[in-house]
Each structure stands twice: as C-alpha cells, then as structure tokens.
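Peer 1: Take a look at this one; I'll ask things after.
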Amino acid sequence: MASANSWTLEIASPVAASRLFRAAVMDWHTLAPKLVSDVVASAHPVEGEGGVGSVRQFNFTAAMPFNFMKERLEFLDADKCECKSTLVEGGGIGVAIETATSHIKVEPAANGGSVVKVDSTYKLLPGVEVNDEIAMAKESVTAIFKAAEAYLVANPDAYN
C-alpha cells in the first residue's frame, strides 16, 4: 500500500495578497497561456463557474512531461486568499500518482506584499519512486507565482 507524502513551499512577493491570489490562482487559466506560453499552450474551465466543484484544464507544451492536467477546486475562501484543489486527470494521475492535492494560502506580509504558502500532498502508485519530481514541482509553482507577480508589478491596475 502506498503512503501519502507531502512537500511545502513558501514564496515571498512584493504584491498584495488579494491581487496575487486572484491572478496566480483564481484566474491562472486565463493568464498562463499569455504569461508562460512556453509551458502552457492553453487552459479553460471544464465544469462550473470558478467556485467549489469547478474543474479547469491546462494543456501543456512539450516543455512538460505530460500533455495536460485537470484540477477540481475543493475549497475556496477568496476573502482569506485560500483554496484547495485536487488533481483529477492528467499530470501523472494513474501513471505515477494515485492522488494529489494542493492547499494554497496567500497571506499579507508586513511590507504590503505577501507570502504564498503551498502544502502539496500526494500518494504514489505502488512501486513508483520520486526522484527530482518534488524539486521540479516546487520550481513550477514558484514560476507560476513569479510570472503572475511580474505581470502585476508591470500592470499596477490589474486585479485591484
């Protein structure tokens, strides 16, 4: 029986928590193909209107080891800039991963910026070992938030 594993990550940003959460989490399916087109070819909602239970799909370029992933929003508190999502298809599900969830919270920082806190839990399929995948996952998450941050710094009126 495979056991659950997890990793955590914190990312500091000069951007206010609410702006960064809306851009990098809630509206990432819109921004990603524009900001990181070398990785995300396209993205779109599959089910729902963006609330709990909604599913969105990200289609990747050859830069990623898999073609797509679908994630379902399990929990959302937009006022507290917090959500939890589950990988439901693609992204290694059924190949290397049995289940994967991510809990993201973007908290205000004393300097007017924010701190992104990510807690990812996953269960590998029997016989699968993790090598560089955790470091790659952390790099990918960091790249998402840094791309959104750069966009928000360059566009101070966006997501206010």
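Peer 1: Looking at (1) within 12 Å of A24 (Cβ to Cβ); (2) in contact with a Phe, Trp or Tyr (Cβ under 8 Å, 6 or more places away or on another chain); (3) part of a helix (DSSP H, G or I), find the lone condition where T142 falls short.
Peer 2: Just one mismatch for T142, condition (2).
Peer 1: I've got another one for you. Which condition number in (1) more than 21 Å from N155 (Cα to Cα); (2) among the aliphatic types (A, V, I, L, M); (3) buried (at least 20 other Cβ atoms within 10 Å of the Cβ) is the one that A23 fails?
Peer 2: (1)
Peer 1: May I pose another question? Looking at this structure, is A32 surrounded by 13 or more Cβ atoms within 10 Å (Cβ to Cβ) and in contact with a helix residue (DSSP H, G or I) (Cβ under 6 Å, 6 or more places away or on another chain)? If you could, list the steps in order and put the result at the bottom.
Peer 2: Working: surrounded by 13 or more Cβ atoms within 10 Å (Cβ to Cβ): yes; in contact with a helix residue (DSSP H, G or I) (Cβ under 6 Å, 6 or more places away or on another chain): no.
No: the conditions fail for A32.
Peer 1: So, A100, is that one part of a helix (DSSP H, G or I) and under 19 Å from L9 (Cβ atoms) or not?
Peer 2: Judged against the criteria, A100 is not a match.
Peer 1: Would a scan of region 102-118 turn up a residue that is touching a strand residue (DSSP E or B) at 6+ places or on another chain (Cβ under 6 Å), open to solvent by 60 Å² or more (accessible area, probe 1.4 Å), among the aliphatic types (A, V, I, L, M) and free of Cβ contacts under 8 Å to residues at least 60 places away in the same chain?
Peer 2: No, every residue in region 102-118 fails to be touching a strand residue (DSSP E or B) at 6+ places or on another chain (Cβ under 6 Å), open to solvent by 60 Å² or more (accessible area, probe 1.4 Å), among the aliphatic types (A, V, I, L, M) and free of Cβ contacts under 8 Å to residues at least 60 places away in the same chain.
Peer 1: Tell me yes or no: at least one residue of region 124-138 is farther than 18 Å from C83 by Cβ, open to solvent by less than 50 Å² (accessible area, probe 1.4 Å), among the small types (G, A, S) and not in a loop (DSSP other than H, G, I, E, B).
Peer 2: No, region 124-138 contains no residue that is farther than 18 Å from C83 by Cβ, open to solvent by less than 50 Å² (accessible area, probe 1.4 Å), among the small types (G, A, S) and not in a loop (DSSP other than H, G, I, E, B).
Peer 1: Which one is most open to solvent (accessible area, probe 1.4 Å), of the residues in region 48-60 that are more than 14 Å from the chain's Cα centre (by Cα) and in contact (Cβ under 8 Å) with a residue 24 or more places away in the chain?
Peer 2: If we take residues in region 48-60 being more than 14 Å from the chain's Cα centre (by Cα) and in contact (Cβ under 8 Å) with a residue 24 or more places away in the chain, then V52 is most open to solvent (accessible area, probe 1.4 Å).
The values are calculated or read from the model by the stated rules, or taken from the named source; none is laboratory data. If you're wondering where the values come from, they're calculated on a predicted model, not measured in any experiment. Every residue, glycine as well, gets a Cβ built from its backbone with ideal geometry; the counts of neighbours run over all protein chains shown. Just the protein is used for accessible areas: all its heavy atoms, side chains included, with ligands, DNA and RNA removed. Shrake-Rupley method; radii C 1.70, N 1.55, O 1.52, S 1.80 Å.
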